[in-house]
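> Shown below is the structure under consideration.
Only the coordinates and a few stated rules stand behind these numbers; no lab work does. Computed from a prediction, not measured in an experiment: that's the story for all the values here. Here the Cβ positions follow ideal geometry from the backbone for every residue, glycine too, while neighbour counts run over all protein chains shown.
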């Protein structure tokens, strides 16, 4: 009896699990543990002093705030883009579809440089926008802008396959039962898409928290205003203060991990709700 | 089918043959007198400089010792480079931007104590400083440090926390007040005002150059002297250099990485390489790339660039030494931190 319980339907469970644990350890766990150990070389006082200054808190607020806003924008834009790409046929669709992945391939520093060059007062876009009071370079708005750019593929790519599986017949059924378009969207389409949307949001959000390359070129790095937390890490490294630098990284890791756990729980809850 | 097979064959044999040929010729040279490979770990703007120096040194060393030297270069932000060496990059020599970076390697035991005195002129084959780059015709009339804090002037300089160019510019601004008899409070007021007029704190020197040149932000750029001349040359008349009456003596120092050369048995070549940088031949190359030669006669020969009117002050005139200056002015809880207030 107990033997049959332990047996899996598919063979090779222990082997694949072994591989999974091994890869996860080498690629993710060991580097993260090393971070914690390095940060652990500081006394509690030094640790606290390194990670919880007024300036560091301002940087955390900016990092997480900008990443969250950008992820929300990506959620809406990504759904829209995914919808258009799946549901409509139009010339150049293939091209647009492959453009979506470009932000992943482009070195983010290039993205940052291009964005800041476009939005400065003398830039192609900036010369029209700056007189209107829209400052896209060296502002918090600029940071959100590049984070939307680097996070764009995530929501699109998680929503697309689900939309492809979602038969238009469901919508037609909804309509023939007398539902308005909004009711059909709210009660038929949205619940199906919800887990994918949450996953896409989480990916875009996490990407935004870790982003450095593009932000340093767009933000202007002014303390308390546009200084993101990774800049503080680099500043401490320049002083050869490895411990303090890692301490800030650990705080970022812990907050990110906590937020991702919450998002994962939300996703599970939404799947369960659907069932 | 057979065609593809042939292709595969040639794809694999060609590199194998090439490798064999290289191996044989390398062995041949080794028998004739030896071959040494050196790795010079340097900072960002020195790429072209060392390429020139390397070619000249390799020719001379082969003629004198019959040994072929192959010098590899590594470039990056100065303290990032120092960290790479600390973490195990096999550098034979370091030619970094600041004492702080070289001494961090010493602290790890890779360079022996007393390295500063091992080569002439405190291990400085060349020195440099910070000058101003302004727009064509100098429309804002910027001539000297006090002009920078006039209303409406925007200054471009990288973040002193993350860039060597950044903190050396800060020291220069600070010293311009102290060396003219200003008090500490006056110096604090001056740098506070100055940094409030800095619209962007780029993370590194090249980023600041892009901001000033390409994005056309700011009226004045506080740049390394050598970078300033390159910047102006490339701008083809859109920019000009302004040399203030006083600035800082920046001391890029060179050192042999003892632990690595002993392990790789490359000490002779590495030491000869650094000694070579003090020869007239090498000193001329420094001047050609706008670095100030440590040899006074050669410096004077290039007075058209290195004008005699500029007074360079040593770091010891504003602090005990480089680490002390960095700690007081840039480090955690320093003067620089006090400039920015939460809002």
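> What FRET efficiency would be calculated for the residue pair residue A:135, residue A:84, taking the C-beta separation as r and a Förster radius of 25 Å, to the nearest 0.05? Could the numbers behind the result be given before it?
On the way: r = 30 Å, r/R0 = 1.21.
The calculated FRET efficiency here is 0.25.
> What distance in nm separates the simple spin-label points at residue B:236 and residue B:192, each placed 7 Å from Cα in the Cβ direction?
4.6 nm
> Here's another thing I want to ask about it. How far, in degrees from 0 to 90, does helix B:184-196 lean away from the longest principal axis of the Cα atoms of chain B, to the nearest 10?
That works out to roughly 70 degrees.
> Continuing with the same structure: Once you keep just the Cα pairs under 8 angstrom separated by 6 or more residues, what percentage relative contact order results for chain A?
Rounded, it is 30 percent for chain A.
> In Å³ and rounded to a whole number, note down the convex hull volume per residue for the Cα atoms of the protein assembly as shown.
Details: hull volume 165.1 nm³, N = 618.
Measuring per residue, one finds 267 Å³ for the Cα hull of the protein assembly as shown.
> Over chain B, what is the mean sequence separation of C-alpha contacts under 8 Å (at least six apart), divided by residue count, expressed as relative contact order in percent? Numbers along the way, then the final one.
Working: 556 pairs, mean separation 75.1, N = 343.
Dividing the mean separation by the residue count of chain B yields 22 percent.
> What's the center-to-center distance, using Cα atoms, between the stretch B:226-277 and the stretch B:315-343 in Å?
Taking the Cα centre of the stretch B:315-343 as reference, the centre of the stretch B:226-277 is 25 Å away.
> At 37 °C and 0.692 mPa s, grab the translational diffusion coefficient of the stretch A:44-274 from Stokes-Einstein with a Kirkwood Rh over Cα pairs, rounded to a whole number in µm² per second. Mind showing how you got there, number by number?
Values: Rh = 19.5 Å.
Taking Rh from Cα pairs, D becomes 168 µm²/s.
> Sorted from fewest to most neighbouring beta carbons within 10 Å, what does the list A:43, A:117, B:203, B:247 look like? Can you show the working numbers first?
Numbers: A:43 10, A:117 20, B:203 23, B:247 27.
In order of increasing Cβ crowding within 10 Å: A:43, A:117, B:203, B:247.
> For a bin width of 5 Å, list the pair-distance distribution of the stretch A:152-199 built from all Cα-Cα distances, rounded to whole %.
5, 23, 28, 20, 13, 8, 2, 0
> Also, quick follow-up: Please state, as a whole number in µm²/s, the translational diffusion coefficient that the Stokes-Einstein equation yields for the stretch B:159-289 at 10 °C and 1.306 mPa s, with Rh defined as the Kirkwood radius across alpha carbon pairs. Please list the in-between numbers first.
Values: Rh = 17.6 Å.
D, rounded to a whole number, is 90 µm²/s.
> What distance in nm lies between label points placed 7 Å from Cα along the C-beta direction at residue B:324 and residue B:280?
4.0 nm
> Only bridges with both residues in chain B count here: give the DSSP antiparallel percent, nearest 5.
In chain B, DSSP labels about 50 percent of beta bridges as antiparallel.
> Related question: Normalising by the residue count of the stretch A:81-230, find the relative contact order in percent from Cα pairs under 8 Å and 6+ residues apart. Kindly include the intermediate steps, with their values, before the conclusion.
Details: 163 pairs, mean separation 49.4, N = 150.
Worked out over the stretch A:81-230, it gives 33 percent.
> Out of all DSSP beta bridges in the protein assembly as shown, what portion is antiparallel? Express it as a percent rounded to 5.
Values: 16 of 31 bridges.
So the antiparallel bridges amount to about 50 percent of the total.
> Order by neighbour count: B:200, A:150, B:241, A:72, fewest other Cβ atoms within 10 Å first, most last.
Numbers: B:200 28, A:150 24, B:241 18, A:72 15.
Ordered from fewest to most neighbouring Cβ atoms within 10 Å, B:200, A:150, B:241, A:72 come out as A:72, B:241, A:150, B:200.
> Please compute the modelled spin-label separation between residue B:267 and residue B:35, points set 7 Å along Cα→Cβ, answer in nm with one decimal.
2.5 nm
> Arrange A:73, A:32 by Cβ neighbour counts within 10 Å, fewest through most, would you?
Details: A:73 18, A:32 14.
Going from least to most buried by this count: A:32, A:73.
> Between residue B:153 and residue A:14, take the C-beta separation as r, use R0 = 60 Å, and let me know the FRET efficiency to the nearest 0.05. Could you put the intermediate results ahead of the total?
Working: r = 70 Å, r/R0 = 1.16.
Between residue B:153 and residue A:14 the formula returns 0.30.
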